[in-house]
Structures are given as C-alpha cells and as structure tokens.
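First comes the structure, then the notes that go with it.
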Amino acid sequence: MDTGDGQSREAQDPIQVVSLVSDLPENSMVILRDFHQFLEDGNPVLTRALKDCLRVGKTKGKAVLLLGCRQVLPAELEREFVVVPFALPGKDELGVVLDRIASSAGQPPPDGMTRELLLDSATGLTTIEAENAFALTVVESGGFNPSIVAREKANEVKKNGLLEVIAAAGSLDQIGGLDQLKQWLLQRKDAFGDEARRYGLPSPKGLLIVGIPGTGKSLTAKATAAVLSRPLLKLDAGRLFAGLVGQSEGNLRSVIATVEAIAPCVLWIDEIEKGFSGSRSSGGSDGGTSSRVFGSFLSWLQEKSAPVFVVATANDVTQLPPEFLRKGRFDEMFFVDLPNEEEREAIWRIQTAKYGRKATEFDIIQLARATEGWTGSEIEQAFIDALYHAFSRQEEPTDLSLMLQLSELVPLSRLMAEQITALRAWAKGRARLATKPPAASEKRKILTAA
Ligand SMILES: Nc1ncnc2c1ncn2[C@@H]1O[C@H](COP(=O)(O)OP(=O)(O)O)[C@@H](O)[C@H]1O
Ligand SMILES: [Mg+2]
C-alpha cells in the first residue's frame, strides 16, 4: 500500500489491507483498486473488517474508495457505500480515442461520414475495447473501416453470452401478410429521427408480438430494425432471467449499459416466455435473484428514457407473468394468427422466390387453398422438402409434385387446435390483430362457401 507520503506498507491479504486504514493519519483517502474481486465470494470476515474500518474512518475523516468493474457489494455493505456507476464512453470520448489511435498510426484523423460511422460502430464498447477495435482496423485494412469496428463490437458484445449484434436484419418484403402490423411499424419508421423529436413525438417503447409458432413473429421482429434503420441487438432473456449465468443482476446492468450506449437501437427478445420459468419458481433455489432481475427489467422497460425499441415475441402466453402484460411496458401488443388464403398466396410467392424459383411457374392460388391451416414456416418447409424430392430425381418441382407433398403432411394447427382456440380467445380484446379481419360482407361469403 502506497501512502502518498513516500512510504509504503505491506499487507498479506485484503483483511490486513483494510485494517491498515486505521493506522493512517486523519483526513486521508484510501483507494482500493480492483477490490471487487475480494468481495465477490462474500467473505464475512472481510465484510466485518470493512464495516469497522468505515465506522472508525467516519470519525477520523478517512474515506475509502473502491474501484471495480462490477458492483459486487455484499448486502451488509450496500448502505455504507455510495455507488457511482460509470457510463460507457459517449461519442465525444470515443472521438478522442479515435484521434489518439490515428495520430499514433500516423494517419490523418478520419472525418465526415467515415468518422460518424466509426463512432456509431464503436458505441457500446469500453474505451479500451474501442481503442483495440480502431487499432485493429488500421492493421487489417491500412485505414479506418467502420465495418471492422462493427464486427469487433459484435464479438465483444457477444462475450457475456446474453447479447448479440445481428447484422442481416431482413426486410418487410420477406413477410407475407400481417398488413396491420407492418403498417404500424412503418408509421414508426422515422420515430428516432430529429424531426420526430421536434414534432413532439415520444420515443416508441416497443412492441410485443404473440401468436402461433411459425407465423413470422421472429421474422417481423428482425425486420423491425431495418424499418427503423437502427442496429439490432438480440437478448437471450432465457439465460438472463433463469440465472444460468452467475451474477444475474450485474449482467442485467451491463446489458442495459451496452444497449443504451448503442441506442438508438432495437432490442429483440425472442420467445420471451422461456425466460420466465426461472422468475416464477424463484424464491426457492436462487434466493429470489431471478425475480429481482425480472423486476428490474420490467421497471427498465417502463421507465427507460434512452431510445431503445424493445421487440419481444411469445408463443405461449400462459407462461407470461401478468405484470409483464400490464399497460405501459409496450406501446402495442399484436396477435399473429394462422395466415388467411390471401396471406398464404403471398407466402408461397415469397418462399418460391427465396429458393430461386419463379412464382409464376406454380399455381399459387391452388397451393394457397391446399395449405389452409398451415403456417408460413410449414409452407417453407414443404417447399424445401419438394425441392429435395425433385432434386433427387433430377427434376424441378411441379404443382403436381407439390400437391402430393402437401397431402402427406399434417399441419401443426390440426394437432394444436385446442391451444390455438385458447390463444385466440385470450388475444381477443387484449391484443391487436396483425392481420385485418375480413370485412363483414366477405365473412358472409366465406360462410356460405363453406
Ligand atoms: N408470414 C410469413 N411470410 C413469409 N415467410 C414466413 C411467414 N411466416 C413464417 N415464414 C417463414 O417461416 C420461417 C419461420 O418463421 P418465424 O418468424 O421464425 O416464426 P415464429 O417466430 O412466429 O415462430 C421464417 O424464417 C420464414 O421463412
Ligand atoms: Mg420465433
């Protein structure tokens, strides 16, 4: 321990370090670097020693400053310390880092659009990570390449195992049907822009999409980022809430810090119900950590001021805790049903094109009729199966071979009829329909035809 007066004291272990504080003169400040590592295992003797040291220190004007990269204070000490969280560097600070790297690499500091892109790609990184990423782009490309920085960020973000930067987000064109949901999204296209702020629009909070598996929920969630032209981050809520990775509370804090540093961005939480099994059963095995984490997450959802658009999907609403569905968490909740005939036509067109075939080569109308009760995902799978089948015979799939293929498959909706009815009943009045229901006159037509 250096005492600043040129002297130093020896200590063998953290407890001894803490007890040395009492030997120091009055009105001194003690900085304990990386001390969080000793607090992590909650050593009761160390906790006691720190408490005593603080008590004595208070009367003698001695202050103890702990520096660490994680907040791991044991509950007994939480009230004794003031916690000052350090935000991740903003663009100004990153700009300084960038200029420093440029000058040490003997390069002119990047400016204009390249600079903007570089700084955008680096938000969410720590100063040291940004430094490494900037230096790496010089080494790899001989200059400053924002996409290398973005790639490095994607790797860094992935390291804690909870967040992932998704590069290819897809677009609304790849989604058949769901017109009302698409329209809602398109209305929010410029929601994070300056003009929207000037107009007085509040930042959109997010969207919850519930529905039958395979109906394009994940597809739509991904496309949201493209609609808003913002980066897409995927959160593994299952791991976060289930406390599979230790330090759940610290993890949530770091996830939020990263997401808010990258903001404006889209945070995608797929099949969010899977994360809740832990939060409900808790109080038992994990001492309530998961439900505490879930509670903090909910209040962040509701109160966040950073422009983060949260898009969550769920297949099974019975697993969702009611607090989660309360008003104010999301701007809107949409329900995605099985695609209707018109939507199935659109899906057939999209899927045939996706695998390099011309939709005009097939009788899309007949195929859409034959796939009543099928999801988009099942239609895609059937088409892939047909392609394999035809490939093995060195042929091209035809309407006939497709129809044969379809007749052999049973859509999930037939096996899950009960769950689907229950889900529809639940959604009624609670959620907006992703697809516009047929007008009353058309409904009559459908009924008479049936
Ligand atoms: N409405 C749709 N339009 C086009 N393709 C779809 C649609 N719904 C599903 N698919 C296809 O099925 C795949 C799986 O859908 P996905 O979005 O993962 O379903 P969910 O998340 O609702 O379970 C998609 O990647 C897409 O290829
Ligand atoms: Mg999905």
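The values are calculated or read from the model by the stated rules, or taken from the named source; none is laboratory data. It should be emphasised that the depicted structure is a prediction, and the values quoted were computed from it without experimental measurement. Neighbour counts run over all protein chains shown; Cβ positions are idealised from the backbone, glycine included. Protein only, heavy atoms only, side chains kept; ligands, DNA and RNA dropped before computing areas. Shrake-Rupley method; radii C 1.70, N 1.55, O 1.52, S 1.80 Å.
Points to keep in mind about this one:
- Test: residue in the stretch 232-250 that is surrounded by fewer than 16 Cβ atoms within 10 Å (Cβ to Cβ) and under 24 Å from VAL336 (Cβ atoms): no
- From the options ASN160, ASN155, ASN132, residue that is closer than 19 Å to CYS265 by Cβ and part of a helix (DSSP H, G or I): ASN155
- Any hit, the stretch 399-412, residues being closer than 29 Å to GLN183 by Cβ, surrounded by 13 or more Cβ atoms within 10 Å (Cβ to Cβ) and modelled with pLDDT under 95: yes
- The listed residue being in a helix (DSSP H, G or I), touching a helix residue (DSSP H, G or I) at 6+ places or on another chain (Cβ under 9 Å), closer than 30 Å to ILE272 by Cα and charged (D, E, K, R), out of GLU372, GLU323: GLU323
- Among the residues of the stretch 93-145, those that are among the small types (Gly, Ala, Ser) and open to solvent by 20 Å² or more (accessible area, probe 1.4 Å) comprise SER103, SER104, ALA105, GLY106, GLY112, ALA135, SER141, GLY142.
- Meets criteria (of a type outside the set (A, V, I, L, M), away from ligand 1 (no atom under 13 Å from the Cβ) and open to solvent by 50 Å² or more (accessible area, probe 1.4 Å)) for PRO307: no
- Taken over the stretch 327-348, the criterion of being among the basic types (Lys, Arg) and out of contact with any helix residue (DSSP H, G or I) (no Cβ under 7 Å at 6 or more places or on another chain) is satisfied by LYS327 alone.
- Candidates PRO321, PRO339 - the one that is within 16 Å of ligand 1 (Cβ to nearest atom), in contact (Cβ under 8 Å) with a residue 12 or more places away in the chain and either among the β-branched types (Val, Ile, Thr) or open to solvent by less than 30 Å² (accessible area, probe 1.4 Å) (or both): PRO339
- Against the list (1) away from ligand 2 (no atom under 16 Å from the Cβ); (2) in contact with a strand residue (DSSP E or B) (Cβ under 9 Å, 6 or more places away or on another chain); (3) not β-branched (Val, Ile, Thr), the condition LYS222 fails is (1).
- Selection count, the stretch 199-237, where residues are closer than 22 Å to ILE262 by Cα and either away from ligand 1 (no atom under 16 Å from the Cβ) or more than 19 Å from the chain's Cα centre (by Cα) (or both): 11
- The one condition in (1) within 16 Å of ligand 2 (Cβ to nearest atom); (2) free of Cβ contacts under 8 Å to residues at least 60 places away in the same chain that ARG357 fails to fulfil: (1)
- Screening the stretch 377-445 for helices (runs of 4 or more DSSP H) wholly inside it with 3 or more residues that are touching a residue at least 40 places away in the same chain (Cβ under 8 Å) returns the ranges 412-415, 417-427.
- Residue match in the stretch 315-332 (condition: within 16 Å of ligand 2 (Cβ to nearest atom) and at pLDDT 95 or above): no
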